[in-house]
Amino acid sequence: MLMIESELLKPQLRSRIDCPAASFWPGQHWRQTLVQQIDLRPNEIVADVGCGVGKLAVMLKLNSPATCVYGFDPTPRALDRAERRSYVAGAMVHFVHATLDDIAEKLAARRPAQVITSRVLHRLPLLRKKQLLEAMFEALPRGGKLHIAHVGWHRPSGSVSTLALMRDAGFVQCNESYFIPTITGVISLYHGVKS
């Protein structure tokens, strides 16, 4: 059964690490939609690249306890918060410090069947976007899946460029599965497959 994000954490921790206004913003249910899009399977390894404070990684683990979930992020402070979130929620997520320069090696060592990146690509310059997508492509086995939650200001241009970058990295069956306008931009969900 899909867990609602607000149910995942005890109120005292949630109040310290979440923005109180976030629950009033339109489109906050996109994480639940993304979790539904990711077909989690027992004993499968899933990697959340750019996991931040671990909201999505913890949701993934709680929704499929037998799935092995890794969260990768370059910010030690965010990883500390993610560890606390994981502990309080009773979800054993493995968090790993990784930068764009070593993510390819660290991802490949875990051999994920699915890779997710959420609200990361829009922060990167074009060359770094390509580098990240190529690293995720190389780490996945044939048939492995990529899932992206992308923030953009305009859906059509964001959709075209993200899909083009996914295809350039080698992914096939690329499509936009969901989008919603929010006060911080349009959140679009994409997925692709390594052929």
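CYS174 contributes about 20 Å² of solvent-accessible surface, heavy atoms of the protein only, 1.4 Å probe. Taking all protein chains together, LEU126, LEU34 sort by accessible area into LEU126, LEU34, largest first [probe 1.4 Å]. Scoring 57-64, 164-171 by mean Cβ neighbours within 10 Å over their residues and listing the highest first yields 57-64, 164-171.
The values are calculated or read from the model by the stated rules, or taken from the named source; none is laboratory data. Fair warning: this is a prediction, and the values are worked out from it, not measured in the lab. A quick note on method: Cβ atoms are made from the backbone with ideal geometry, for glycine too, and the neighbour counts reach across all protein chains shown. The area values use the complete protein model at the heavy-atom level, side chains included, leaving out ligands, DNA and RNA. Shrake-Rupley method; radii C 1.70, N 1.55, O 1.52, S 1.80 Å.
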